[in-house]
Structure formats: C-alpha cells, structure tokens
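**Student:** The structure's right below; bear with me while I get my questions together.
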Amino acid sequence: MKIGFASDHAGIELKLALMEHLAAQGHTCTDFGNYDPDDRNDDYPVYGRKAAEAVMRGEVDRGVIICGTGVGISLAANKVPGIRAVVCSEPYSAKMARAHNNANMLALGARVIGRELAKMIADVFFTTEFEGGRHARRVEMIMEIESDYRNASID
Ligand code: RB5
C-alpha cells in the first residue's frame, strides 16, 4: 500500500519510526513533511493538509498524520474533501475506524502514546478491511454532509 506521512515538529521522531516500521512490511512510505524539528517554523495545518490532499488525489492510498495530540492535525486533514481522519490512542478504535467508518487517515498524538503502542495501532489500522454493508450506508451519510455544504454559504 502507498502511505503518506506528515507531522509537525512534535511528531517527527514518531513519524520516522513508523515509516521505517511500515516500510519493513512492504508499504511504500512518502513523507510530506515537516522535516525540521524547530517549532517556530511549522504549523500542523500545513502538514495535515499536504498529506490529506495526497490521499484525496489518490497519490497515496492512506495517510498517517502526527502532532502532539493528533487532534489539531486531524481537524485540518478532515477539512479536505473525501478525508476521514481519526485520532486513535489504542488499537480497538483503530480497528473499528477501518471496519465500520472506512477511515482513510490515522492521526496519532506523539505526546500521548509511546512508540510501541503507535506501531500496534498502525498495524491494526493497515490490516483491517472495511466491512461495508450497513456501515457503507452510514459512511455515505457522513460524506453527504460534506457534499451538502460544499457550495453553501454560512451566515
Ligand atoms: C504544538 O505544540 C501542538 O499544539 C501540536 O503539536 C498539536 O498537539 C496540536 O493539536
């Protein structure tokens, strides 16, 4: 699978560790930045957006995005059409986010979870298939909200 990675300064170390871990399993890993640990020069929305746009365009199949909590970068990624990014701090949510929600981006908090737990969560995320069926209907309903508001003006 082609996997796009991105992080802010807080997530660089964990991102590199996960890229190595997933590349060793045969995945093709692309880093969309940030590459610089200087926290004056990066803002998580920039990198969440880059990885999310790569998923949206089909340049990569799925994404892994990392900031201090996973929250800010997932909020940014979820503004890109077609993105379903989920913050996970344990494997059960990662499994269900794939099986029931067809999540296409995994967000992690580098200041929340340790490296080995992050690897376990990523392993579950990248080996669990979407179950479809009644869950497909619900995911379509989520995406309908996005398309309903695409051209709307909010007063
Ligand atoms: C940066 O200090 C921090 O705010 C960021 O990594 C992230 O946790 C935001 O949600």
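**Student:** Can you pull the Kirkwood radius for segment 1-67, inverse mean 1/r over Cα pairs, to one decimal in Å? The partial results should precede the final answer.
**Tutor:** Numbers: mean 1/r = 0.0861 Å⁻¹.
Mean inverse Cα-Cα distance, inverted, gives 11.6 Å.
**Student:** Here's another thing I want to ask about it. Using amide H atoms built in the peptide plane, which far-off residues or other-chain residues are under 5 Å from Gly70 H to H?
**Tutor:** Ala110
**Student:** Now, a different point. Which of the lysines could be linked to Lys50 by a straight reach, that is with a Cα gap under 22 Å, when you skip same-chain ones fewer than 8 residues away?
**Tutor:** Straight-line reach from Lys50, under 22 Å: Lys2, Lys15, Lys79.
**Student:** Just the projected area, averaged over all directions, of the convex hull on the alpha carbon atoms of segment 73-142: how many nm²?
**Tutor:** Values: hull surface 18.1 nm².
For segment 73-142, averaging the hull's shadow over all directions gives 4.5 nm².
**Student:** Tabulate in residue order the Karplus-calculated ³J(HN,Hα) for segment 69-75, using 6.51 cos²θ - 1.76 cosθ + 1.60 with θ = phi - 60°, rounded to whole Hz; enter x for Gly and Pro.
**Tutor:** 10, x, 6, x, 5, 6, 4
**Student:** A further question follows. With each run of n ≥ 4 DSSP H residues scored as -39500 (n - 2.57), what mean residue ellipticity at 222 nm is computed for the chain after dividing by its residue count and rounding to the nearest 500 deg cm²/dmol? Show your work: numbers first, answer last.
**Tutor:** Values: 6 runs with 71 residues, N = 155.
My calculation for the chain gives -14000 deg cm²/dmol from helical runs alone.
**Student:** A further question on this structure: Can you work out the PRE-style zone for Glu20? Point 7 Å along Cα to Cβ, and I want the residues of segment 62-98 with backbone N under 11 Å.
**Tutor:** Under 11 Å, as judged by backbone N against the label point of Glu20, lies no residue of segment 62-98.
**Student:** Need one number: the % of Cα-Cα pairs in segment 16-155 sitting beyond the 24 Å mark. Don't skip to the end; give the middle numbers.
**Tutor:** Numbers: 2785 of 9730 pairs.
Tail of P(r) above 24 Å: 29 percent of Cα pairs.
**Student:** So which chymotrypsin sites (Phe, Trp or Tyr not before Pro) in segment 27-117 end up in coil per DSSP with only 15 or fewer other C-beta atoms within 10 Å?
**Tutor:** On the way: sites: Phe32, Tyr35, Tyr47, Tyr92; in loops: Phe32, Tyr35.
Sparse-neighbourhood loop chymotrypsin sites (Phe, Trp or Tyr not before Pro): Tyr35.
**Student:** Continuing with the same structure: Expressed as a rounded percentage, what relative contact order does the chain have, with Cα pairs under 8 Å and six or more residues apart?
**Tutor:** Working: 293 pairs, mean separation 34.6, N = 155.
RCO, the chain: 22 percent.
Every read-out reported here was derived from the displayed coordinates using simple, explicitly stated rules and does not represent laboratory data. On a predicted model such as this, the values are computed, not experimentally measured, just so you know. Cβ: placed from backbone, ideal geometry, glycine included. Neighbour counts: every protein chain shown.
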